[in-house]
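The values are calculated or read from the model by the stated rules, or taken from the named source; none is laboratory data. What you see is a predicted model, and the numbers here were worked out from it, not measured in a lab. Note: ideal-geometry Cβ built from the backbone for every residue, glycine included; neighbour counts use all protein chains shown.
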């Protein structure tokens, strides 16, 4: 009897690859870009990016990225010991908020981060100016409409923060998952003042603001 022996050489499926550094949490304003990096060892074969559990981009070694949506693209960076895939989420939407995951399709070889897409809405004070007589109190109303999440409201007068005991802020649910806030400041001026209402969320580089001038009218005048 004669026996024939067949030898099959399977390609390296990347079973020795590992994730060195996974993505980190990102908070952005709606419509802007969000970027996530995933660094793996050089033995990798395939890297898949998932958004809220759904694959959005696949990178194959050595062919490169397989793009199925122009909202999800990537850039690649290589070193002597590792490969980094940068996922770029373009024109972010509120529905993009959630888990972003980098996976090499191996057991326990995935890493995730959180994307939070926020919305800065409008902010305004109902009156542009006030004239207040001596020893009189005025209520100034500031409204923030269409935010996500609801903004943190603070007040300033002549560049100094006003104590929180002097104003009351109420939040309410708006439409399409957005939030509104109304803040009422009680003020008894002793001089003409520049009063500023500030609204802040994490994604804003600096608070959005609205300003009003409160003119003080001395009773002796």
Inset, instruction - Looking for whichever is surrounded by fewer than 16 Cβ atoms within 10 Å (Cβ to Cβ), within 29 Å of the chain's Cα centre (by Cα) and in the same structural domain as residue 135 (by TED's automatic domain parsing) here; the options are 208, 173. Which one fits? - result: 173
Inset, instruction - Could you check residue 184 against (1) over 20 Å from the mean Cα position of the chain (by Cα); (2) on the phi > 0 side of the Ramachandran plot; (3) modelled with pLDDT of 95 or more and say which number it fails? - result: (2)
Inset, instruction - Please go through region 46-82 and pick out each residue that is without any contact (Cβ under 8 Å) to a residue 40 or more places away in the chain and in a loop (DSSP other than H, G, I, E, B). - result: 62, 63, 68, 69, 70, 71, 79, 80
Inset, instruction - Test residue 85 against the criterion of being without any contact (Cβ under 8 Å) to a residue 12 or more places away in the chain, in a strand (DSSP E or B) and touching a strand residue (DSSP E or B) at 6+ places or on another chain (Cβ under 8 Å), and give yes or no. - result: no
Inset, instruction - Kindly establish whether residue 65 is at pLDDT below 95 and crowded, with 16+ Cβ neighbours inside 10 Å. - result: yes
Inset, instruction - Run residue 98 past the list (1) on the phi > 0 side of the Ramachandran plot; (2) at pLDDT below 95 and report the number of the one that doesn't hold. - result: (2)
Legend entry - Test for residue 148: is it in contact with a strand residue (DSSP E or B) (Cβ under 6 Å, 6 or more places away or on another chain), modelled with pLDDT of 95 or more and under 11 Å from residue 182 (Cα atoms): no
Inset, instruction - Residues that are free of Cβ contacts under 8 Å to residues at least 12 places away in the same chain: find the strands (runs of 3 or more DSSP E) completely inside region 137-221 holding 1 or more of those. - result: 167-173
